[in-house]
Ligand SMILES: NC(=O)c1ccc[n+]([C@@H]2O[C@H](COP(=O)([O-])OP(=O)(O)OC[C@H]3O[C@@H](n4cnc5c(N)ncnc54)[C@H](O)[C@@H]3O)[C@@H](O)[C@H]2O)c1
């Protein structure tokens, strides 16, 4: 995890948004990056834009066979040193309005997908001499918002899943941490707000409700992931790092 060129990283959900930025960041420090996504074309586009040190893998992280193939590809590439779990979906529905299908889609992607990646990825990471896992949580894993019942529940559960992995594999040199962004100028937040009649007004409103009075950036997230997958964070595991401009710390 020191940035040597033979380090191998997987970014699950690397075809867009924060995962795409993270894939570029890991490649820039010298990692070989496997860009994995259910969107195979998107993954191919990102891998191509990185160049020879990246490869694309179409994989649905809800499906164990896909995850097994992905981890086998990492083994072929030289092992697994960094695993970034960025894939997620959301649905806008309160508890009483959330359908079975939407609940299942969100929980399967955001929670079961992470579980399958940990179950298959950790043994390879151990065999590779240890490494760092970073899961993308959300500020909505610690505070909730109306209309995000399934998403909030999945992100809270993801935190404890990662803490579980952290304690079970601490003796193996595998560290597992969560970064929890609030609204960022990338990915899901930009997609959702682009459907509003005045996207910029919504984004300004969200920024003004943040203690730091700005949205997060992809760079904020990339920097945290690079730190948590480097030797500089070698005694940090089972942590949840808020990337929210102070939002979760605020009382009201
Ligand atoms: N962007 C934000 O403002 C924000 C805020 C808080 C948390 N997050 C979290 O950051 C992470 C990245 O979000 P983003 O904004 O980049 O979203 P995004 O939609 O741009 O990227 C998510 C990626 O996951 C992929 N994906 C979805 N289901 C998949 C599956 N079953 N298997 C494999 N890939 C799958 C999508 O195709 C997509 O490329 C997510 O975990 C999200 O919850 C984002």
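Give me 243, 188 ranked fewest to most by other Cβ atoms within 10 Å of their Cβ, as a rough exposure proxy. Let's see the in-between values first.
Working: 243 23, 188 18.
Arranged by neighbour count, lowest to highest, 243, 188 become 188, 243.
Across all directions, the average flat footprint of the convex hull enclosing the Cα atoms of the range 85-162 is 5.0 nm². Comparing 208, 154, 128 in a Gaussian network model of the chain (Cα springs below 10 Å), the most mobile by mean-square fluctuation is 208. For the chain, what value does the Rg/Rh ratio take when both radii are computed over Cα atoms and Rh is the Kirkwood radius, given to two decimals? Rg/Rh for the chain comes to 0.95. On C-alpha positions alone, give me the angle between the axis of helix 199-208 and the longest principal axis of the chain, in degrees, nearest 10. Roughly 90 degrees between the two axes. When the chain is modelled as a GNM with alpha-carbon springs shorter than 10 Å, which of 42, 130, 51 fluctuates the most? Comparing 42, 130, 51 in a Gaussian network model of the chain, the most mobile one is 51.
Any idea what angle helix 17-28 forms with the longest principal axis of the chain, computed on alpha-carbon atoms, 0 to 90 degrees, nearest 10? Tilt of helix 17-28: around 30 degrees.
Using only the Cα atoms of the range 1-107, construct the convex hull and provide its projected area averaged over every direction, in square nanometres to one decimal. List each step's numbers first, then the result.
Details: hull surface 28.4 nm².
Convex hull of Cα atoms, orientation-averaged projection: 7.1 nm².
Estimated at 0.36 nm per residue, the fully extended path between residue 94 and residue 77 surpasses their Cα-Cα distance by 1.8 nm. Once you place label points 7 Å from the Cα toward the Cβ at residue 29 and residue 167, how far apart are they in nm? So the label points at residue 29 and residue 167 sit 2.8 nm apart.
Using helices alone, I'd like the mean residue ellipticity at 222 nm for the chain: each DSSP H run of four-plus residues gives -39500 (n - 2.57), total over residue count, nearest 500. List each step's numbers first, then the result.
On the way: 9 runs with 109 residues, N = 252.
Theoretical 222 nm ellipticity from helices: -13500 deg cm²/dmol.
Under a Gaussian network description of the chain, with springs only between Cα atoms under 10 Å, the residue in 114, 87, 157 that fluctuates furthest is 157.
Between residue 45 and residue 212, the simple label model (points 7 Å from Cα in the Cβ direction) yields a spacing of 2.8 nm.
Let me know the whole percent of all Cα-Cα pairs from the range 1-51 that are separated by more than 17 Å. In whole percent, the share of Cα-Cα pairs in the range 1-51 beyond 17 Å is 23. The alpha-carbon positions of the range 102-252 define a convex hull whose volume is 116 Å³ per residue. The long axis of helix 113-127 is offset from the longest Cα principal axis of the chain by roughly 30 degrees. Of all DSSP-defined beta bridges confined to the chain, some 0% are antiparallel rather than parallel. Per the Cα gyration tensor, the range 183-252 maps to an equivalent ellipsoid with semi-axes of 27, 15, 9 Å, ordered largest to smallest.
A short reminder: the numbers here are calculations on the coordinates, not readings from a lab. This is a predicted model, so every value here is computed, not measured. Heads up, the Cβs are rebuilt from the backbone with ideal geometry, glycines too, and the neighbour counts pull from every protein chain shown.
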